[in-house]
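The values are calculated or read from the model by the stated rules, or taken from the named source; none is laboratory data. If you're wondering where the values come from, they're calculated on a predicted model, not measured in any experiment. We place every Cβ from the backbone using ideal geometry, glycine too, and count neighbours over all the protein chains shown. Accessible surface is based on the protein model in full, side chains and every heavy atom, while ligands, DNA and RNA are left aside. Shrake-Rupley method; radii C 1.70, N 1.55, O 1.52, S 1.80 Å.
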Amino acid sequence: MRQAGLIAGTAVAALVAAGAITYAVAEDGGSSATTPSADSADAGFARDMAVHHQQAVEMSYIVRDRTKNTEVRRLAYDIAQTQANQRGMLLGWLDLWGLPKVSADPPMTWMGMGDMASGKDGSLMPGMATNTELKKLGTLNGKQAEVFFLQLMTDHHQGGIHMAEGCVAKCTVGVEKRLAQGMVDAQQSEIQLMADLLKARGAKARS
């Protein structure tokens, strides 16, 4: 499962480097007749998941510096690389479509769930860690840091999967729907891996 995450990250990086993803989007939704609107599911998912991914990258880099455990550091590296590359694609598509990267609407409005995103203590969307939790992660070391990271990232993946499934159902640009489905598959695998890592440490997910 760790290998799957590494392969996914490597494959995405290669596609970005070659420009294949941009061309695919241009063909799939780049004409004036089919370019998504600012309030579409395609644009909403791209904006919201870019924010969601940014926090996953941040958490991964925090735990990388708080533990020497090879398995957790490898997982954190895979998540950081994969989600940073995906975030770049999402923001690139918004540029391609000529759409803003921010919206006055609450997060997840495109899913009909704008009232669920409270933004309390920095947790802008379901699954996201609070500012307090991120600060706490930065104070822990070793096993404590590993367990808390795995718990936070499990919650984060669960929220991300829910959003990605929303795009699979609602988005219209084929390549974006396929990316969203890839997120679902990869993050479900990583949730299982994290459950195993938590169990090995005498812990379990928070929910």
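Odds and ends about this structure:
- Hits in region 121-176 - residues which are in contact (Cβ under 8 Å) with a residue 12 or more places away in the chain, farther than 24 Å from Lys68 by Cβ and among the small types (Gly, Ala, Ser): Gly122, Gly127, Gly159, Gly160, Ala164, Gly166, Gly174
- Note on region 143-163: among residues that are out of contact with any helix residue (DSSP H, G or I) (no Cβ under 9 Å at 6 or more places or on another chain) and open to solvent by 30 Å² or more (accessible area, probe 1.4 Å), the one that is farthest from Thr132 (Cα to Cα) is Lys143.
- Top-ranked residue of region 108-144 - restricted to ones that are part of a loop (DSSP other than H, G, I, E, B) and in contact with a Gly (Cβ under 7 Å, 6 or more places away or on another chain), ranked as farthest from Ala164 (Cα to Cα): Thr130
- Residues of region 33-63 classified as charged (D, E, K, R), closer than 17 Å to Ala129 by Cα and either surrounded by 22 or more Cβ atoms within 10 Å (Cβ to Cβ) or without any contact (Cβ under 8 Å) to a residue 24 or more places away in the chain (or both), total: 1
- Taking residues in region 67-80 that are in contact (Cβ under 8 Å) with a residue 12 or more places away in the chain and within 15 Å of Ile191 (Cβ to Cβ), and partners anywhere that are open to solvent by 50 Å² or more (accessible area, probe 1.4 Å) and hydrophobic (A, V, I, L, M, F, W, C), the pairs with Cβ atoms closer than 7 Å and at least 6 places apart or on different chains are Asp78/Leu6.
- Of all the criteria given as (1) in a helix (DSSP H, G or I); (2) hydroxyl-bearing (Ser, Thr, Tyr); (3) surrounded by fewer than 20 Cβ atoms within 10 Å (Cβ to Cβ), the one not satisfied by Ser207 is (1).
- The residues on offer are Ser207, Ser103, and the sole one that is in contact with a helix residue (DSSP H, G or I) (Cβ under 9 Å, 6 or more places away or on another chain) and closer than 29 Å to Arg74 by Cα is Ser207.
- Residue among Val173, Val147 that alone is among the hydrophobic types (A, V, I, L, M, F, W, C) and touching a Gly at 6+ places or on another chain (Cβ under 7 Å): Val173
- Subset of region 125-135 (residues that are under 16 Å from Asp155 (Cα atoms) and open to solvent by 70 Å² or more (accessible area, probe 1.4 Å)): Asn131, Thr132
- Residue, farthest from the chain's Cα centre (by Cα), within region 177-190, restricted to residues that are open to solvent by 40 Å² or more (accessible area, probe 1.4 Å) and closer than 15 Å to Asp155 by Cα: Ser189
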